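Peer 1: Take this structure, written in structure tokens, and hold onto it; I'll ask about it next.
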């Protein structure tokens, strides 16, 4: 029995059609060729994240997620503060220790119905304008430099 090559000697296309068998032409290129052109639909289906930048996930021991509260939410937060033993009254003014209630930062969104004196680890500039902050970092404190910190070291709160 003759080999396939010998069998097709004398035939122009060797049974492959006119342009088949010349490199990777019949399959539309090798590998991921054409994903932005004629193989675009298959890229959308099988590899939708092939193109573009996808970021980097920072480790949990480096990342900090402070618990925040807006000034406008203070009035609704009164029951939680009382349950934590972090609230007392001085006349018409509420005095709260937000650190006892697990709040790390006070932000300036909204407004309150009664005056507040608040002890918190960090308060934004707008929060300082709306309530009296008893213990927070200085408003003109220098910003922390961007860069690496040792795992487990405290991360500075940024505004």
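Peer 1: Would you pick out the residues in the range 67-106 that are part of a helix (DSSP H, G or I), in contact with a strand residue (DSSP E or B) (Cβ under 8 Å, 6 or more places away or on another chain) and within 17 Å of residue 123 (Cα to Cα)?
Peer 2: Those that are part of a helix (DSSP H, G or I), in contact with a strand residue (DSSP E or B) (Cβ under 8 Å, 6 or more places away or on another chain) and within 17 Å of residue 123 (Cα to Cα): 71, 77.
Peer 1: So, residue 104, is that one crowded, with 17+ Cβ neighbours inside 10 Å and over 30 Å from residue 32 (Cα atoms) or not?
Peer 2: In short, no.
Peer 1: I've got another one for you. Taking residue 20 and the conditions (1) within 43 Å of the chain's Cα centre (by Cα); (2) free of Cβ contacts under 8 Å to residues at least 60 places away in the same chain; (3) not assigned by TED's automatic domain parsing to the domain that holds residue 112, which numbered condition does it fall short on, given that it satisfies the others?
Peer 2: Unmet for residue 20, out of (1) within 43 Å of the chain's Cα centre (by Cα); (2) free of Cβ contacts under 8 Å to residues at least 60 places away in the same chain; (3) not assigned by TED's automatic domain parsing to the domain that holds residue 112: (1).
Peer 1: Looking at 34, 52, 109 in this structure, which one is outside any strand (DSSP E or B), under 33 Å from the mean Cα position of the chain (by Cα) and in contact (Cβ under 8 Å) with a residue 24 or more places away in the chain?
Peer 2: 109
Peer 1: Now for a separate question. Among the residues of the range 119-134 satisfying the criterion of being outside any helix (DSSP H, G or I) and touching a helix residue (DSSP H, G or I) at 6+ places or on another chain (Cβ under 8 Å), which is modelled with the highest pLDDT?
Peer 2: The residue in question is 131.
The values are calculated or read from the model by the stated rules, or taken from the named source; none is laboratory data. Nothing here was measured: the structure is a model prediction, and the numbers come from that model. Reconstructed Cβ throughout: ideal geometry from the backbone, glycine too, with neighbour counts over all protein chains shown.
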